[in-house]
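The values are calculated or read from the model by the stated rules, or taken from the named source; none is laboratory data. Keep in mind that what you see is a predicted model, and the values were worked out from it rather than measured. All Cβ positions, glycine included, derive from the backbone under ideal geometry; neighbour counts span all protein chains shown.
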Amino acid sequence: MNERGKSGFILIVVVLAMMMVGVVQADEVSEIEQDIETYQEQKQQKSRETEEANQKLEEIEAKINQAYDEFQELDEEAAKTESDIEETERDKAQTEEEISALQIKIEELEERIAERDKLLKDRVRSMYQANGSLDYVEVILGASNFSDFIERISALHSIAKQDRNLLDEHIDDQKALETAQDELEEAALRLENQIEELADLLEDIEQQLKEKEDIVANLEEQKIDTENFIVSNEEEMAIVESQEAAAKEELEQAKARQQSAQGGSGALQWPTPGRTVTSSYGPRTHPVHGTEGFHYGIDISRNGGTTITAAEEGTVIGARYMSGYGNTILISHAIGNQTVTTLYAHLASIDVKQGQRVSRGEKIGVMGTTGVSTGIHLHFEVHEGGWNGQKSNSVNPLNYLN
């Protein structure tokens with residue numbers, strides 16, 4: 001090939017290379033713009049979910065307040081019913097004491113009536129002769145004159161009438177006592193029935209109180225779940241917003257400079273000096289909870305105080321404590337034509353801030369065991385795209401580590 005031909009060939013190669021670079025750069029810009037659109041949709045979705053959750057939380061709190069008011073009313077009603085039962089039992093005991101006292105009086109009166117009746121019978125018997133007729137002869141013969149006779153006859157009748165009246169009074173008293181006893185026994189029976197009714201009412205109230213307690217407990221659990229959901233959703237919203245900001249920054253950089261696609265494998269450097277993986281990516285039994293689940297990253301073991309570095313240059317989109325993760329850092333990277341997010345968890349300390357740009361290999365924190373952890377290690381995740389609470393974008397980090 002002559003010099004002219006060589007020059008033409010080189011020119012074609014350069015042009016093709018420039019075209020390929022332009023295509024790669026255009027793909028990268030398009031991919032980042034698509035990521036930004038996805039983040040915006042996620043923000044809208046998170047905002048709707050948070051709004052719905054807050055509304056649900058208000059409804060739950062209103063139900064809890066209502067249940068507590070009803071519980072208070074039932075509790076007061078139960079206390080009043082218990083007081084009524086105690087008072088009724090005291091009344092019943094007093095009535096039974098009065099019944100016992102009346103019974104003693106009735107028995108004493110019956111004895112006196114019996115004694116009086118015997119005396120009357122003895123007196124009448126002594127006033128009659130053996131044939132049963134009244135010995136009026138003695139009365140007549142004993143009289144000094146007719147007037148005395150009349151007086152004696154009147155006296156005998158008066159004595160008999162007084163005895164009869166006294167006996168009638170005894171009988172009337174006995175009937176009155178028996179009537180009073182009957183009334184007291186009826187009152188005692190009514191009080192007993194009232195006690196049973198109050199006891200049934202108290203049992204019903206206590207059952208309602210138990211039901212209210214169960215309702216309140218269920219509502220409190222719903223409240224906690226909803227509050228946790230709101231907190232989690234807000235955390236995810238903050239991450240999405242940071243991812244969106246990082247993507248916009250990457251978009252500007254992609255438009256301003258030419259980037260070479262690095263592909264997938266080997267695009268990230270190890271975030272720790274050591275490479276000892278103690279728990280791999282995939283299904284596993286949780287070391288703390290003992291439940292079966294999925295491990296969305298890898299655990300890298302090392303001594304405490306080990307420096308943690310950024311696996312690639314990028315923007316810090318999260319740097320805070322995240323429940324089970326403990327102290328956590330999230331970094332958004334532009335690798336080739338896609339966004340990749342790395343996560344570093346259980347850190348002893350965090351040395352970067354949200355929004356900060358970091359370089360590949362730059363120190364971002366120190367290995368630790370914060371959050372739900374069994375020992376000092378780094379939990380490292382890789383997500384193709386943005387990070388989300390469901391971890392649907394997670395991939396095996398070993399596919400990216402060189």
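Quickly run through the range 343-375 and pick out the residues that are β-branched (Val, Ile, Thr) and more than 37 Å from the chain's Cα centre (by Cα).
Of everything in the range 343-375, those that are β-branched (Val, Ile, Thr) and more than 37 Å from the chain's Cα centre (by Cα) turn out to be 352, 358, 364, 366.
Looking at 288, 358, 352, can you tell me which residue is aliphatic (A, V, I, L, M) and within 24 Å of residue 234 (Cβ to Cβ)?
None of the others qualify; the one that does is 352.
Where in the range 272-311 are there strands (runs of 3 or more DSSP E), lying wholly inside it, with at least 1 residues that are touching a residue at least 12 places away in the same chain (Cβ under 8 Å) and in contact with a helix residue (DSSP H, G or I) (Cβ under 9 Å, 6 or more places away or on another chain)?
Fully inside the range 272-311 and qualifying: 277-279, 298-301.
Exactly one of these conditions fails for residue 226: (1) at pLDDT 85 or above; (2) in contact with a strand residue (DSSP E or B) (Cβ under 8 Å, 6 or more places away or on another chain). Give me its number.
(2)
From the residues in the range 61-93 that are closer than 24 Å to residue 185 by Cα and among the hydrophobic types (A, V, I, L, M, F, W, C), which one is surrounded by the most Cβ atoms within 10 Å (Cβ to Cβ)?
Result: 85.
Being out of contact with any Pro (no Cβ under 8 Å at 6 or more places or on another chain), touching a residue at least 12 places away in the same chain (Cβ under 8 Å) and crowded, with 24+ Cβ neighbours inside 10 Å, is that true of even one residue in the range 347-361?
yes
Out of curiosity, is residue 126 part of a helix (DSSP H, G or I), of a type outside the set (Lys, Arg), at pLDDT 65 or above and exposed (fewer than 11 other Cβ atoms within 10 Å of the Cβ)?
no
Right, residue 373: of a type in the set (S, T, N, Q) and either buried (at least 18 other Cβ atoms within 10 Å of the Cβ) or outside any loop (DSSP other than H, G, I, E, B) (or both) or not?
So residue 373 passes the test.
Give the residues of the range 69-93 that are at pLDDT 85 or above and not charged (D, E, K, R), sorted by residue number.
Passing the criteria: 72, 79, 83.
So in the range 376-402, with the set limited to residues that are within 35 Å of the chain's Cα centre (by Cα) and hydroxyl-bearing (Ser, Thr, Tyr), which one is surrounded by the fewest Cβ atoms within 10 Å (Cβ to Cβ)?
Checking each candidate, the answer is 392.
Please verify whether residue 361 is in a loop (DSSP other than H, G, I, E, B), out of contact with any helix residue (DSSP H, G or I) (no Cβ under 6 Å at 6 or more places or on another chain) and farther than 14 Å from residue 315 by Cβ, treating the condition exactly as stated.
The answer is yes for residue 361.
Six or more apart or on different chains, Cβ atoms under 6 Å: show the pairs whose first residue is in the range 35-48 and more than 19 Å from residue 335 (Cβ to Cβ) and not assigned by TED's automatic domain parsing to the domain that holds residue 385 and whose second is in a helix (DSSP H, G or I) and of a type in the set (Val, Ile, Thr).
Within 6 Å, the pairs are 42/240; 43/240.
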